[in-house]
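Nothing in this text is a laboratory measurement; each read-out follows from the coordinates by a stated rule. Remember, predicted model here, so these are calculated numbers, not experimental data. Positions of Cβ are generated from backbone atoms using ideal geometry, with glycine treated the same way; all protein chains shown enter the neighbour counts.
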Amino acid sequence: MKKLINIILIFSITFLCIPTSSINANEFEGNKYDHLSQKEIELLYEIYEIDPNFSYEGELVAITKTVQVLETEEEYLKNYDGVLTKGAIGSNEMSIYVTASRVPESGKDTFNITATATWKMVPAFRMQDAFALAWADNFALISSSATASYKSIGVAAGKTNLISQSPNQGVGYSVECSDYYGQALEWVRINAKISKNDSSGIANVSSSYCHRKASVGGIGVSFGPGAGISFNVTGFEDQMANYTTFNY
């Protein structure tokens, strides 16, 4: 009887530790995510709450989310070669999720990487922003795309445009922060498939969102070593960045 009670308690505690959501329960059945940490599983739930149609190819190997940008500055300086934020977008205003999944391909190290930036509030300035995804270790870009969703109306076509592409470093897209008067960007996602000949190492993936305030002209994106991302903007702008790593 005591053994049965212990089993019930263990099951109850495990169940309570997993967040509930409205996503398809089949996605989390079985041992598909046994290799992920509890925190990574929670973040995956959050991504599905943002977009129930989120999908990836292969097996997920990394999931991260921004915390307070200023609190992570020391870690960026130690581990990340990219450009740090200027004016920081606070975590009460936006979150960025970065995922990486391994795609089975004989003789290749192929990964699907995504970055999702989601506004938690309606930004005061709504013009053309930029969002970028970058990687290290000379992976070649196979394909990329970007999707934007707006409050009240959902996914809208034609609101993202490729503005920069470095075949072995990254891609950058412009994104309309407002669809039309009264609507505001809810989330934007970049998907990229990258590959290289079978080898071994640890690769960095980074993402950065640039929110323009009282800016004029266009916006540019460039990429540097170690998954570095920088924006070329005339005027005032704020940024948020996130990164992850994966083994190959």
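Principal axis extents of the C-alpha atoms in region 103-248 (largest first, rounded to whole Å): 50, 30, 22.
Mind scanning Lys159/Lys213; Lys120/Lys213; Lys120/Lys151; Lys32/Lys196; Lys120/Lys193; Lys65/Lys159 and naming the pairs with a C-alpha gap bigger than 21 Å? The partial results should precede the final answer.
Values: Lys159/Lys213 19 Å; Lys120/Lys213 18 Å; Lys120/Lys151 11 Å; Lys32/Lys196 26 Å; Lys120/Lys193 28 Å; Lys65/Lys159 24 Å.
Going by Cα-Cα distance, Lys32/Lys196; Lys120/Lys193; Lys65/Lys159 fall outside the 21 Å limit.
In terms of packing, defined here as the mean over residues of other Cβ atoms within 10 angstrom, the peptides 130-142, 226-238 line up highest first as 130-142, 226-238.
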